[in-house]
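Okay, structure first, notes after.
No lab work stands behind these numbers, since they all come straight from the coordinates. Because the structure is a prediction, the values reported are computed rather than measured. Quick reminder, even Gly has a Cβ in these numbers, built from the backbone with ideal geometry, and neighbours come from all protein chains shown.
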Amino acid sequence: MNQFSLNFDRENYHEKPKNDIFADAITRTQQPIVTGTSVLAFKYKDGIMLAADTLASYGSLARFTNIQRLYPVGDFTIIAASGDISDFQYVQHLLDTVMVEEYYTNDGHVLRTQNIYEYLSRVMYGRRSRFNPLWNSYVVGGYNDGEKFLGYVDLLGTTYQSSTIATGFGGYLAQPILRKAVEGREDTLTETEAIEIMNSCMKVLYYRDARSFNKFQRAKITAEGVEISGPYKAETQWDFAEGLRGYGP
Amino acid sequence: MNPVTLYNNDIFTNVPVEAPVERNFYPYADNGGTSLGIAGADFCLMASDTRKSSGYSIHSRYSPKAFKLTEKAVLATNGFAADGLALTKRLGQKLEWYKHAHDKEMSTPALAQMLANTLYYKRFFPYYTFNLLGGIDEQGRGVLYSFDPVGSMGTEVCRAGGSSAALIQPFLDNQVALKNQQGVQQTPLSLEAAIRITKDSFTSATERDIYTGDYLEIFIIRQEGTTIERIDLKKD
């Protein structure tokens with residue numbers, strides 16, 4: 001199936017056009033196409049909690065509504081992505097390959113969260129240095145031997161670790177809420193409180209981020225391992241809109 | 001469609017083809033932050049705040065950008081943090097090779113020259129970092145070097161780098177190098193005075209510069225070894 005629009009009026013339209021100046025071009029991600037919005041994550045008493053909605057947008061079109069953006073790598077690490085979904089799927093494949101290679105080496109070592117984070121950040125920085133970036137912001141969360149890990153890496157190779165992380169719009173809308181709720185309480189927040197905080201942040205994002213979606217997943221990484229749960233809905237209240245002049249019936 | 005339109009010169013003439021569009025992927029960011037170095041007679045002080053920002057967002061409150069490279073040298077990087085980290089890693093690796101090849105640690109002046117070469121090696125795709133390298137030389141004297149992103153190197157007595165450089169440097173010129181002061185006698189700066197000036201510099205810079213704050217790390221490099229002190233700055 002060839003759909004070279006230049007050739008629609010030709011008989012041999014299925015052939016590669018001879019005058020296509022892009023035919024042999026090297027292709028690079030120069031802009032994200034199908035995208036996911038914010039990812040939220042923070043530390044709490046038992047480990048790390050992350051959340052992301054299930055929407056993959058095509059520009060402003062809500063194109064795919066059931067896409068998982070939380071991805072477990074190994075037994076105690078989760079990566080979560082915002083940005084280009086196809087680049088994310090490539091990274092999933094890449095990390096899976098690495099994990100398999102490490103597994104069949106069979107030397108008794110498993111990649112820990114820090115190792116996966118380091119690997120991913122080198123890939124991201126390497127790609128940006130070749131002017132061929134993977135158009136994502138990643139959050140890497142993990143829990144190994146009682147130690148919590150939460151890191152961020154983006155398309156420029158910028159990295160940092162923090163007790164609260166929010167990508168995309170979440171950086172403006174949810175990060176202030178998370179900082180207020182979590183900073184200084186990383187070792188005392190219970191799971192119930194963490195869920196409460198996460199849900200309210202996802203609700204704020206759904207109210208104000210036009211590329212978000214009212215269906216999200218949560219993940220936690222604790223001593224028991226990784227657990228991705230959901231999908232959940234944020235309880236929202238819209239009936240006030242009817243009272244607005246020029247908006248209601 | 002792009003305003004520039006090309007036409008193909010064959011039988012299907014006047015078929016519009018979009019001209020190649022250049023989309024700008026800009027591979028750099030400014031992560032803010034400030035560093036400072038003071039070289040004394042028998043010590044060197046290196047200080048950096050630990051905030052990492054981008055635009056109006058604070059990414060992390062504790063993300064250090066000053067690194068102990070050898071027992072006698074500390075590197076402070078400013079500008080694009082990812083490059084700073086990559087550069088630090090590269091230097092660390094070269095220092096390791098040097099140690100195995102020569103069975104000794106590299107001297108600070110040699111490390112400064114190596115840093116200049118490493119930066120110049122990437123002259124046409126630079127590490128976008130403004131570096132300060134401080135330490136003690138083989139005679140135990142405090143030394144301080146500053147670099148631009150492409151490897152120009154200068155020897156300094158006191159230098160501020162990063163987002164608050166313009167706020168702090170004149171203060172250091174006056175208080176450390178004793179510039180524009182009349183009738184002062186040039187006595188060597190004590191470590192206590194250097195620490196006091198450093199703390200004052202950073203608390204003041206934090207007031208006015210949104211990219212500076214959270215924590216301050218002060219490295220003091222002496223013949224006996226390197227110590228590190230961590231101090232709170234305002235977190236607003």
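In peptide B:54-65, what is the residue-averaged number of other protein chain Cβ atoms found within 10 Å of each Cβ?
Working: counts 5, 2, 2, 4, 5, 10, 9, 5, 4, 5, 0, 0.
Average per residue, whole number: 4.
Sort B:125, A:64, A:169 so the one with the fewest other Cβ atoms within 10 Å of its own Cβ comes first. Mind showing how you got there, number by number?
Numbers: B:125 9, A:64 14, A:169 19.
The order, fewest Cβ neighbours first, is B:125, A:64, A:169.
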(message) Just to confirm the filter: which GluC sites (Glu not before Pro) across region A:196-249 are DSSP coil and have at most 13 other Cβ within 10 angstrom of their Cβ?
(response) A:224, A:235
(request) Any lysines with Cα under 16 Å of the residue B:65 Cα? List them, leaving off those in the same chain fewer than 8 positions away. (result) B:52, B:89
(request) Please find, in a Gaussian network model of chain B (springs between Cα atoms separated by less than 10 Å), the residue of B:91, B:167, B:178 whose mean-square fluctuation is greatest. (result) B:178
(request) For chain A, with a Gaussian network of springs between Cα atoms less than 10 Å apart, report the residue from A:89, A:30, A:237 with the top mean-square fluctuation. (result) A:237
(message) Run lengths n ≥ 4 of DSSP H only: what is the helix-derived mean residue ellipticity at 222 nm for chain A, with -39500 (n - 2.57) per run over all residues, to the nearest 500?
(response) -8500 deg cm²/dmol
(request) Please work out the Cα center distance from region B:183-207 to region A:129-155, rounded to the nearest Å. (result) 39 Å
(message) Given Cα positions, please report Rg to Rh for region B:47-99, the hydrodynamic radius being the Kirkwood one.
(response) 1.04
(message) Using alpha carbons only, how many angstrom separate the centre of region B:128-176 from the centre of region B:34-59?
(response) 11 Å
(message) If you take each beta carbon of peptide B:209-216 and count the beta carbons of other chains within 10 angstrom, what is the mean?
(response) 0
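Quote the Stokes-Einstein diffusion coefficient, in whole µm² s⁻¹, for the protein assembly as shown, based on the Kirkwood radius over alpha carbon pairs, a temperature of 25 °C and a viscosity of 0.890 mPa s.
On the way: Rh = 25.5 Å.
Rounded, D is 96 µm²/s.
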(request) Go ahead and set up a Gaussian network model of chain B, Cα springs under 10 Å, then flag whichever of B:47, B:76, B:110 fluctuates most. (result) B:110
(request) List B:163, A:86, A:229 from most exposed to least, where exposure is judged by having the fewest other Cβ atoms within 10 Å. (result) A:229, A:86, B:163
(request) Find the Rg to Rh ratio for region B:158-218, where Rh is the Kirkwood radius over alpha-carbon pairs and Rg uses the same atoms. (result) 0.99
(message) Restricting to Cα pairs below 8 Å that are 6+ residues apart, what does the relative contact order work out to for region A:49-232? Please round to a whole percent.
(response) 26 percent
(request) Go ahead and run the numbers for FRET between residue A:229 and residue B:192, Cβ-Cβ distance against an R0 of 51 Å, rounding to 0.05. (result) 0.35
(message) For chain B, take the longest principal axis of its alpha carbons; what is the angle in degrees between that and the long axis of helix B:191-208, to the nearest 10 within 0 to 90?
(response) 40 degrees
(request) Compare the Cα positions of A:129, A:70, A:47 along the charge dipole of chain A (+1 at Cβ of Lys, Arg; -1 at Cβ of Asp, Glu; about the Cα centre) and return the one farthest towards the positive end. (result) A:129
(message) Using all alpha carbons of chain A, what is the percent of pairwise distances in each 5 Å bin, ordered from the shortest bin to the longest?
(response) 1, 6, 12, 15, 16, 14, 11, 7, 6, 5, 3, 2, 1, 0, 0
(request) First obtain the Kirkwood hydrodynamic radius of chain B from its Cα pairs, then insert it into the Stokes-Einstein equation at 20 °C and 1.002 mPa s, and state the resulting D in µm² per second as a whole number. (result) 111 µm²/s
(message) My understanding is that a pair violates if its Cα-Cα distance is over 32 Å; which of B:122/B:234; B:99/B:122; B:72/B:122; A:220/B:94; B:99/B:179 do that in this structure?
(response) B:122/B:234; A:220/B:94; B:99/B:179
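For chain B, what's the relative contact order in percent, using C-alpha pairs closer than 8 Å and at least 6 residues apart?
Values: 497 pairs, mean separation 58.3, N = 236.
Worked out over chain B, it gives 25 percent.
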